[in-house]
Amino acid sequence: MTRRADGAAAGIEVRDLVVRYGPATALDRVGLHVDAGELVALIGPNGAGKSTLVNALSGILKPAHGSVSVRGRFAHVPEGRQVFGDLTVEDNLRLGGRRYRERDTAPVHAILPRLAELRHRRAGTLSGGEQQMVAVGRALMSRPDVLAIDELSLGLAPLVVADLVRHLRELNAEHGLAVLLIEQNARLALDLCTRAYVLEAGRIVAAGSARELAADDRVSAAYLGGVVADAG
């Protein structure tokens with residue numbers, strides 16, 4: 001179990017979270033938690049509020065109501081990668097460690113060896129999968145206890161996604177990293193994570209183990225291509 005320097009268990013606790021953009025409510029009394037060492041998914045359609053939630057966790061957005069608590073070092077892999085294209089891979093990584101004055105990239109290279117090979121390349125010249133690897137590595141530079149990843153699979157080939165998933169499993173198993181995966185690809189998310197939440201129109205509409213949600217007829221029909229049985 002990953003613990004902070006003061007001995008408290010790392011993790012995320014969101015209670016009755018309300019986030020508004022002007023008069024529009026993006027999140028309506030959302031509650032969820034990620035315990036130390038857990039892999040938890042947040043799935044839902046475009047516009048459901050998934051990115052709004054992770055931006056609230058990062059402190060980019062302020063709640064109108066409720067609370068957000070992140071225990072331990074927190075890092076965020078943003079949607080769309082958002083690498084610094086004119087900088088080298090190595091410089092991108094070092095930027096990720098600035099907050100905690102972490103400059104040694106060797107631990108990240110050990111986890112993601114491909115980044116050592118690409119260290120002198122400009123990030124903007126890399127493939128989408130390589131850029132996503134840079135974004136993950138940049139987040140890992142802060143030596144996080146908790147990692148939120150916004151749309152890991154967006155725009156990537158299945159083989160590239162499978163490689164990134166393998167690295168996440170290793171990080172979780174070997175380092176106890178807690179992961180909140182915000183993902184539109186529900187099948188990927190439920191295969192990787194042990195628990196999941198379903199967010200629709202700013203509200204949590206289902207929660208449980210990944211196995212339970214994958215077996216739920218309505219979740220399956222909406223997100224996994226299943227068919228709801230006729231109740232009549």
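Derivation of every value follows stated rules applied to the coordinates shown; laboratory data play no part. In this text the structure is predicted, and so the values were computed from the model without any measurement. All Cβ positions, even for glycine, are placed from backbone atoms using ideal geometry, and neighbour counts span all protein chains on display.
Could you derive backbone 3J(HN,Hα) for region 187-203 from the dihedral phi with the Karplus parameters 6.51, -1.76 and 1.60 (θ = phi - 60°), listing whole Hz in sequence and x where the residue is Gly or Pro?
Whole-Hz 3J(HN,Hα) from phi for region 187-203: 4, 4, 4, 6, 6, 7, 9, 8, 10, 7, 10, 10, 10, 9, 6, x, 10.
Determine the sum of side-chain charges near Ser51: Lys and Arg each +1, Asp and Glu each -1, restricted to other residues whose C-beta is under 13 angstrom from that of Ser51.
For residues surrounding Ser51, the net value is -3.
Karplus couplings for region 94-105 from phi (6.51 cos²θ - 1.76 cosθ + 1.60, θ = phi - 60°), rounded to Hz, Gly and Pro as x?
Ordered by residue, 3J(HN,Hα) equals 5, 4, x, x, 4, 4, 9, 6, 9, 10, 7, 8 Hz.
Please compute the length gained on full extension between Ile60 and Arg169, using 0.36 nm multiplied by the number of residues separating them and subtracting their Cα-Cα distance.
36.5 nm
Report the extension gain between Glu212 and Ile111 in nm, rounded to one decimal, defined as 0.36 nm multiplied by the number of residues separating them, less their alpha carbon distance.
That works out to 33.2 nm of additional length.
Can you list the residues, at least 5 places off or on another chain, whose amide H is less than 5 Å from the amide H of Arg73, using H built in the peptide plane?
Here Asp145, Val146 satisfy the definition.
Could I get the Rg over Rh figure for the chain? Both from C-alpha atoms, Rh via Kirkwood, rounded to two places.
Result: Rg/Rh = 0.98.
Around Val146, under 9 Å between beta carbons, what's the net of Lys plus Arg minus Asp minus Glu among the other residues?
In short, +1.
Report, largest value first, the span of the C-alpha coordinates of region 153-217 along each principal axis, in whole Å.
30, 28, 22
Full extension from Asp35 to Ser127: what is 0.36 nm times the residue separation minus their Cα-Cα distance, to one decimal in nm?
Additional length available on full extension: 29.8 nm.
What range in the chain is the longest one free of trypsin sites (Lys or Arg not before Pro) that are in a loop by DSSP and have at most 10 other Cβ atoms within 10 angstrom?
104-232
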